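One structure is given here, and the rest of the page talks about it.
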Amino acid sequence: MERRFNFLFVALISTLLGLSACGGTATQNSLFGEDDPVKKTGEPEEYADLANPYTGDPDAIAEGEILYQANCSSCHGYTGEGDGPASARLDPKPKNLAQNQPNLSDSYLFWRISEGGLMEPFNSIMPGWKGLLRDERIWQVITLLRTMIVQ
């Protein structure tokens, strides 16, 4: 019962955040272009040596799918392509995770999901999930992201 409540609470919060973000104007972000903050920013030292304990784990992928669809898909899209229903009016637009994530380390993804995008140089509406999701849950989402590779 507690697990279901936590899931519903997180889903509600993420939906509200996603809907509140729909007031901006859309711009096109390049994938690792010269002005791309991902290219210029590495994860802080406290995150630098983290490794995903669930790499390739089918159970983690399944749990990550549930978490991703509830918390991330409204902006990043159902398949991670940055085209979720809330993305049309966001500035900056959500990254295409399916195309972007193979170039990013597990520690970088953990940092960005944990801390969100409300900081320089990202300045996005993406919430920080640290404190809302346990580390285990964030790793499960990352495990799912690793299956979203666009060829």
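The values are calculated or read from the model by the stated rules, or taken from the named source; none is laboratory data. None of these values were measured; they are calculated from a predicted model. Backbone-built Cβ (ideal geometry, glycine too); neighbour counts: all protein chains shown.
Anything in region 68-77 that is farther than 15 Å from Arg112 by Cβ and buried (at least 18 other Cβ atoms within 10 Å of the Cβ)? List them, or say none.
Of everything in region 68-77, those that are farther than 15 Å from Arg112 by Cβ and buried (at least 18 other Cβ atoms within 10 Å of the Cβ) turn out to be Ser73, Ser74, Gly77.
Within region 46-79, can you find the residues that are part of a loop (DSSP other than H, G, I, E, B) and within 16 Å of Asn96 (Cα to Cα)?
Cys72, Gly77, Tyr78, Thr79
Listed here are the residues, each with its yes/no results for (1) among the aromatic types (Phe, Trp, Tyr); (2) at pLDDT 95 or above; (3) surrounded by fewer than 19 Cβ atoms within 10 Å (Cβ to Cβ).
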{"site": "Gly23", "(1), (2), (3)": "no, no, yes"}
{"site": "Ser30", "(1), (2), (3)": "no, no, yes"}
{"site": "Glu45", "(1), (2), (3)": "no, no, yes"}
{"site": "Ala62", "(1), (2), (3)": "no, yes, yes"}
{"site": "Thr79", "(1), (2), (3)": "no, no, yes"}
{"site": "Arg89", "(1), (2), (3)": "no, no, yes"}
{"site": "Asn96", "(1), (2), (3)": "no, no, no"}
{"site": "Met119", "(1), (2), (3)": "no, no, yes"}
{"site": "Phe122", "(1), (2), (3)": "yes, no, yes"}
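Can you find, within region 109-151, the residue that is nearest to the chain's Cα centre (by Cα) among those that are over 17 Å from Leu50 (Cα atoms) and hydroxyl-bearing (Ser, Thr, Tyr)?
Ser124
Checking Asp83 against (1) crowded, with 18+ Cβ neighbours inside 10 Å; (2) out of contact with any helix residue (DSSP H, G or I) (no Cβ under 6 Å at 6 or more places or on another chain): exactly one of these is not met. Which one?
Evaluating Asp83 over (1) crowded, with 18+ Cβ neighbours inside 10 Å; (2) out of contact with any helix residue (DSSP H, G or I) (no Cβ under 6 Å at 6 or more places or on another chain) leaves (1) as the failure.
Among (1) free of Cβ contacts under 8 Å to residues at least 12 places away in the same chain; (2) in contact with a helix residue (DSSP H, G or I) (Cβ under 9 Å, 6 or more places away or on another chain); (3) among the basic types (Lys, Arg), there is one condition Arg137 misses while meeting the rest; what is its number?
Among (1) free of Cβ contacts under 8 Å to residues at least 12 places away in the same chain; (2) in contact with a helix residue (DSSP H, G or I) (Cβ under 9 Å, 6 or more places away or on another chain); (3) among the basic types (Lys, Arg), Arg137 violates only (1).
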